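Data block below; observations after.
Any read-out appearing in this document is the output of simple, stated calculations on the displayed coordinates, not a laboratory observation. Computed from a predicted model, the values in this text were never measured in an experiment. FYI the Cβ positions are ideal-geometry reconstructions off the backbone, even for glycines, and counts take in every protein chain you see.
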Amino acid sequence: MTTEKILIVEDNPINRELLRDLLRARGYKVWEAATGPEALRLVKASPPDLVVMDLQLPGIDGLAVTRAIKAEATTRHVPVVALTAHARKSDEAKAYEAGCSAYIAKPMDTRAFVRLVATLLGPQEGGGHETISTQA
Ligand code: MN
């Protein structure tokens, strides 16, 4: 069994650490990027199995980074999970339009998050969209 590689794109170091710890505990190999350009460089150098993308990044935002990943033939198959602090329906629609496979609102339900990652990496390639909302 191969170890799946996940790239976390998140400018907030505390959120990045949380995501890293969650995914490492599940046995995934984790890469990290704090900016869009850094993320694109890593993705192009060696496509990961999945990308966790904060949509609110300084400079190039997560939607633009996702579009760039989806525009490249060598990386467009990589599923992108969008993370956003703004849980508005219009943002969700924008995330799917940009090519994201799933959308998670912060603060996120960590159990649901790891389940979603496992599902997206699993043998069953789902074509649908999954939405997780943790708003009470
Ligand atoms: Mn951010």
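Once you have the Cα-Cα distance between VAL114 and GLU38, take 0.36 nm times their residue separation minus that, and quote the gain in nm to one decimal. Mind showing how you got there, number by number?
Values: separation 76, 0.36 × 76 = 27.36 nm, distance 2.40 nm.
So the chain would gain 25.0 nm between VAL114 and GLU38.
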From the residues LEU19, SER90, LEU120, which one has its Cα farthest along the dipole of the chain in the positive direction, the dipole being from +1 and -1 charges on Cβ of Lys/Arg and Asp/Glu about the Cα centre? LEU120
Quick check for you: which residues of the range 44-77 have the amide N under 12 Å from the point 7 Å beyond the Cα of ASP11 toward its beta carbon? 54-63
Charges on Cβ only, +1 for Lys and Arg, -1 for Asp and Glu, centred on the Cα centroid of the chain; of ALA68, ALA39, ILE6, which one is farthest towards the dipole's positive end? ILE6
If the cut-off is a Cα-Cα distance under 27 Å, which lysines reach LYS29, setting aside same-chain residues fewer than 8 apart in sequence? LYS5, LYS44, LYS70, LYS106
Distance in nm between pseudo-label sites at ARG24 and HIS77 (7 Å out along the Cβ direction from Cα): 2.9
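Packing-wise, with mean Cβ within 10 Å as the measure, how do 90-98, 35-43 rank, highest first?
Numbers: 90-98: 16.0, 35-43: 18.6.
For the peptides 90-98, 35-43, the packing ranking is 35-43, 90-98.
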Kindly list the residues of the range 71-105 that lie in the label zone of GLN56, defined by a backbone N under 19 Å from the point 7 Å along the Cα-to-C-beta vector. 81-96, 103-105
Can you work out the Karplus-derived ³J(HN,Hα) for every residue in the range 15-26? Use 6.51 cos²θ - 1.76 cosθ + 1.60 with θ = phi - 60°, whole Hz, and x for glycine or proline. 5, 5, 5, 4, 5, 4, 5, 4, 6, 5, 4, 8
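With a ≥ b ≥ c taken as the square roots of the eigenvalues of the C-alpha gyration tensor of the range 1-82, please select rounded if a/c is under 1.5 and otherwise prolate if a/b is larger than b/c or oblate if it is not?
Values: a/c = 2.07, a/b = 1.12, b/c = 1.85.
Oblate is the answer for the range 1-82, as a/c is 1.5 or above yet b/c matches or exceeds a/b.
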Interchain or long-range residues, amide H under 5 Å from TYR103's placed H: ALA82, GLU130, ILE132
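How large is the charge dipole for the chain, taken about the Cα centre, if only the Cβ atoms of Lys, Arg (+1) and Asp, Glu (-1) carry charge, to the nearest 20 debye? Present the calculation step by step, with values, prior to reporting the outcome.
Values: 17 positive and 17 negative charges, 29 e Å.
The calculated dipole for the chain is roughly 140 debye.
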Spelling out what I want: for every residue of the range 55-66, take phi, set θ = phi - 60°, compute 6.51 cos²θ - 1.76 cosθ + 1.60 (Karplus), and round to whole Hz; glycine and proline get x. 7, 9, 10, x, x, 6, 7, x, 5, 5, 5, 4
